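Asks: The structure is given below, and queries will be raised subsequently.
The values are calculated or read from the model by the stated rules, or taken from the named source; none is laboratory data. These numbers were taken from a predicted model, which means no experiment stands behind them. Virtual Cβ from ideal backbone geometry, glycine too; neighbours counted across all protein chains shown. With ligands, DNA and RNA removed, areas are computed over all heavy atoms of the protein, side chains included. Shrake-Rupley method; radii C 1.70, N 1.55, O 1.52, S 1.80 Å.
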Amino acid sequence: MVPGLVYFLVFHYGAFIANAVAFKEYVPFDGLWASPWVGTENFSRMFGDPDFWHATWNTLFIAVLQLVFFFPAPLALALLLHSLSSDLLRRFTQSVIYLPHFLSWVVVVALFQQVLSDTGLLNTFLSDSGLHTVDIIGNPEAYKPLVVIEVIWKDAGWGTIIFLAALMQVDEQQYEAAAIDGAGPWRRFWHVTLPSIRPIVILLLIMRLGDILSVGFEQMLLQRQSVGPEVGEVLDTFVFWQGIVGGDTGYAAAAGLFKGVVGAALVFTANRVAHRLGEQGVYK
């Protein structure tokens, strides 16, 4: 456990002190402590910046889409895998659906562009068939659903690991007893499977809420230019362009701190709601 503990102590807990940059007009040559203190000026400027609110709205919209469509996808896939009677087929299918997780976002985005761009395989086929072509990659209206589909294709298989482990712990005798009592597949899922894995589902949901404003930096950065910043900008890329490219480190740190505070508040709130509903949550 030591390497993991060192990583979190240095790069997570140790980095807390750098949040002071959000309250300073940070000058790299002067360092953290010598840079002039400006108080909440960076936050005032941020809340009055239309570009920040565009990025926030895009982030929230994509986050809700991911929560609605991506979060249940690994569970549904795990249920399908768990229902397979052949162990050989199950292991083969697991190996296939795990593979996209290990591809970098550069490769994944390039694959989707090769298929769905205006000169991609889909439009080439439509053009050769005399049909109307569609530019999905460069279409601002299709951008947000497209990035969610990309996440599902890449990580839904990997997300089945925890759900499959939880499904393996369900007592088979409960399924047999429910079947003897006349329960069909849907009732067995609703009254046996779901109650058995509900603590895991709630735990993962709370953790996802804490990370809800992180919708994928590399994925968004690689596709931002195809639709423009008004549609493709999210908080992570906003911080990158303001802080790394623009050099306005204090302003970018304020945006990053805002994102972290919102995520922490969502975790605390969701955990308390879980306790009120009789669930264990993330912590007691």
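Asks: So which pairs qualify, if the first residue must be in region 105-122 and at positive phi, the second must be at pLDDT below 85 and hydroxyl-bearing (Ser, Thr, Tyr), the Cβ gap must be under 9 Å, and the two must be at least 6 apart or on different chains?
Replies: The qualifying pairs do not exist here.
Asks: Name, by its number, the condition in (1) among the acidic types (Asp, Glu); (2) over 30 Å from Gly184 (Cβ atoms); (3) assigned by the TED database to the domain that holds Glu172 that does not hold for Asp30.
Replies: Failing condition for Asp30: (3).
Asks: Same structure again: Which is of a type in the set (Ser, Thr, Tyr) and in contact with a Pro (Cβ under 7 Å, 6 or more places away or on another chain), of Thr119, Thr133, Thr193, Thr160?
Replies: When all the criteria are applied, what remains is Thr160.
Asks: Any residue at all in region 51-61 that is acidic (Asp, Glu) and at pLDDT 90 or above?
Replies: Yes, the conditions are met somewhere in region 51-61.
Asks: So Gly182 ticks every box in (1) out of contact with any Ser or Thr (no Cβ under 8 Å at 6 or more places or on another chain); (2) at negative phi; (3) not aromatic (Phe, Trp, Tyr) but one. Which box is left unticked?
Replies: (2)
Asks: Still on this model: Yes or no: Thr237 surrounded by 14 or more Cβ atoms within 10 Å (Cβ to Cβ), assigned by the TED database to the domain that holds Lys144 and under 21 Å from Trp37 (Cα atoms)?
Replies: So Thr237 does not fit the description; no.
Asks: In region 183-195, how many are of a type in the set (D, E, K, R) and either within 30 Å of Ser104 (Cβ to Cβ) or open to solvent by 90 Å² or more (accessible area, probe 1.4 Å) (or both)?
Replies: Final tally of qualifying residues: 1.
Asks: Anything in region 265-284 that is of a type in the set (A, V, I, L, M) and open to solvent by less than 40 Å² (accessible area, probe 1.4 Å)? List them, or say none.
Replies: Val267, Ala270, Ala274, listed by residue number.
Asks: Something else now. Only one of these conditions is not met by Ser44: (1) touching a helix residue (DSSP H, G or I) at 6+ places or on another chain (Cβ under 9 Å); (2) of a type outside the set (Asp, Glu); (3) part of a helix (DSSP H, G or I). Which number is it?
Replies: For Ser44, the exception is condition (1).
Asks: Within region 244-259, which residues are free of Cβ contacts under 8 Å to residues at least 40 places away in the same chain and either under 30 Å from Glu141 (Cβ atoms) or surrounded by fewer than 17 Cβ atoms within 10 Å (Cβ to Cβ) (or both)?
Replies: Selection gives Ile244, Val245, Gly246, Gly247, Ala252.
Asks: Being in contact with a Lys or Arg (Cβ under 7 Å, 6 or more places away or on another chain) and exposed (fewer than 15 other Cβ atoms within 10 Å of the Cβ) is the filter here; which residues of region 26-52 pass it?
Replies: If the condition is that a residue be in contact with a Lys or Arg (Cβ under 7 Å, 6 or more places away or on another chain) and exposed (fewer than 15 other Cβ atoms within 10 Å of the Cβ), then Pro36, Trp37 are the ones that fit.
Asks: Just checking, which of Ala254, Ala274 is part of a helix (DSSP H, G or I) and touching a Gly at 6+ places or on another chain (Cβ under 7 Å)?
Replies: Just a single option satisfies the conditions, and that option is Ala274.
Asks: Could you figure out which of (1) at pLDDT 85 or above; (2) open to solvent by less than 40 Å² (accessible area, probe 1.4 Å); (3) more than 29 Å from His54 (Cβ to Cβ) isn't true of Ile200?
Replies: In the conditions (1) at pLDDT 85 or above; (2) open to solvent by less than 40 Å² (accessible area, probe 1.4 Å); (3) more than 29 Å from His54 (Cβ to Cβ), Ile200 misses (2) alone.
Asks: Taking the options Ala18, Ala78, Ala22, Ala55, name whichever one is in contact with an Asp or Glu (Cβ under 9 Å, 6 or more places away or on another chain), part of a helix (DSSP H, G or I) and surrounded by 12 or more Cβ atoms within 10 Å (Cβ to Cβ).
Replies: Answer to the check: Ala55.
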